[in-house]
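Student: Provided herewith is a single structure, encoded as structure tokens, for subsequent inquiry.
The values are calculated or read from the model by the stated rules, or taken from the named source; none is laboratory data. Keep in mind it's a predicted model, so treat the numbers as computed, not measured. Backbone-built Cβ (ideal geometry, glycine too); neighbour counts: all protein chains shown. Each accessible area value is taken on the protein alone, full model and side chains, heavy atoms only, with ligands, DNA and RNA left out. Shrake-Rupley method; radii C 1.70, N 1.55, O 1.52, S 1.80 Å.
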Amino acid sequence: SAHEAMGERDADSLTWDMVSEELAATLLVLGVRRRQSSLAGSSSSQPLFLPGLRLTPGAEKEIVEPMQRSCKIYESLGTAHARHQAAAAHYQLAMYFSKVWTCQRDEQKTRDKLAAAFKHFGLAHQYFFLNSKGNEPTFIVLSLDFSSLYTAVSGEECLGKALGISLDTREAFSSDAISAARERLKPSDLREWFNNMKTLSENVESRVMKLLLSLTKLEKDNNSKLKKDSPHSEKYKSMYREILTHKMKPKTDESTHIQDQSEPPSSFAIHELLQKLSKLLKP
């Protein structure tokens, strides 16, 4: 390989890093393509439940190893672009483990795969949360996928974490995000970005509403077990009421701004909703 021919990085650090980036990119694409090919018969967004769909250890290694090597190379380079690509690699690994943890042969394997999914999602989310500007759609889709993993595990604590992750997308819908998009994108790309974000805002709103409905029911069940004079929590009930109020408001069609080829609105309606819900969740 080129690395072997050069011997060590000190000989020519610029060329070494360039070769490393190319190698990491190739490994990441290889791992992703193998994952897509191996799991082609399953829905892209849902975990696998049939034991018959479980991959052999050899087949799994062929998928995971190239992506893990890609991750390590990117992390060793330390540049802004490499950090971005390392986060993307963690996201791809998370997507793999989040699909296969449900069809393992025993409880320990299930725990291991689930832990790997949480680990890689956490690392990818940490990066894109801090670097969402310019990466808004990726950050939102990643957040929805991460919250889906928590929802699949179920239980009040996991549902609460799924809600928190969904609410954390709020800054991606802010007026600052729109202003930055307006500055960096040409009009045709801005329209595409805006329409994509409008769809994602609807997905986030739907996810938050479903999570709050589940949490409100759990809260009610918990309150029913308490004595009448004990303090009763109504946090999720208040949040659910807030989102119902939001949905009842007359909708201003944000997309008309783009269709008329005029400037996009200064903010998305969902931004204010997510801000209010976040304050109710953590007063």
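Student: In square angstrom, rounded to the nearest 10, how much accessible surface does Y150 have for a 1.4 Å probe?
Tutor: The value for Y150 is about 40 Å².
Student: Here's a follow-up. Which Cα, out of P187, S175, V204, lies furthest along the positive dipole direction of segment 167-243 (beta carbon charges, K/R +1, D/E -1)?
Tutor: Ranked along the dipole, the leading option is V204.
Student: Quickly work out the K119-to-C158 label distance, labels modelled 7 Å from Cα along the C-beta direction, and quote it in nm with one decimal.
Tutor: 1.9 nm
Student: Let me ask something else about it. Report, please, the projected area of segment 100-243 averaged over directions, based on the convex hull of its C-alpha atoms, in nm². Don't skip to the end; give the middle numbers.
Tutor: Numbers: hull surface 44.1 nm².
So the mean shadow area of the Cα hull is 11.0 nm².
Student: If you take every residue apart from T151 with its C-beta less than 11 Å away from the C-beta of T151, what net charge results, scoring Lys and Arg +1 and Asp and Glu -1? Walk me through the intermediate numbers first.
Tutor: Working: positive: K161, R207, K210; negative: D145.
After counting each charged neighbour, the total is +2.
Student: Sticking with this one: Quick one: which of 201-209, 97-105 comes out on top by average Cβ neighbours within 10 Å, and what's the full order, highest first?
Tutor: Listed from highest to lowest mean packing, they are 97-105, 201-209.
Student: From the phi angles alone, apply the Karplus equation (6.51, -1.76, 1.60; θ = phi - 60°) to segment 135-143 and give each ³J(HN,Hα) in whole Hz, x where the residue is Gly or Pro.
Tutor: 10, 4, x, 4, 4, 5, 4, 4, 4
Student: Right, here's the next one. State the three equivalent ellipsoid semi-axes of segment 152-216, derived from the C-alpha gyration tensor as the square roots of 5 times its eigenvalues, in descending order and whole Å. Don't skip to the end; give the middle numbers.
Tutor: Values: eigenvalues 185, 25, 13 Å².
After scaling each eigenvalue by five and taking roots: 30, 11, 8 Å.
Student: Roughly how many nanometres apart are two label points built 7 Å out from the Cα toward the Cβ at D106 and K228?
Tutor: It works out to 5.4 nm between the two label points.
Student: What is the extension gain from D189 to D221, computed as 0.36 nm multiplied by their sequence separation minus the C-alpha to C-alpha distance, in nm to one decimal?
Tutor: Net length gain for the segment: 6.7 nm.
Student: Please get the size of the charge dipole for segment 95-199, origin at its Cα centre, with Cβ charges of +1 on Lys and Arg and -1 on Asp and Glu, quoted in debye to the nearest 20. Numbers along the way, then the final one.
Tutor: Details: 14 positive and 13 negative charges, 53 e Å.
So the magnitude is around 260 debye.
Student: For a 22 Å ceiling on Cα separation, which of these pairs sit above it: K113/K217; K109/K217; K161/K282; K133/K249; K99/K237; K161/K217?
Tutor: Details: K113/K217 30 Å; K109/K217 32 Å; K161/K282 12 Å; K133/K249 29 Å; K99/K237 32 Å; K161/K217 16 Å.
From K113/K217; K109/K217; K161/K282; K133/K249; K99/K237; K161/K217, over 22 Å: K113/K217; K109/K217; K133/K249; K99/K237.
Student: Next up: With the crude spin-label approximation of a point 7 Å out along Cα→Cβ, what separation in nm comes out for E22 versus T245?
Tutor: 6.0 nm
Student: For segment 178-235, what does the accessible surface come to per residue with a 1.4 Å probe? Please give it in Å².
Tutor: 64 Å²
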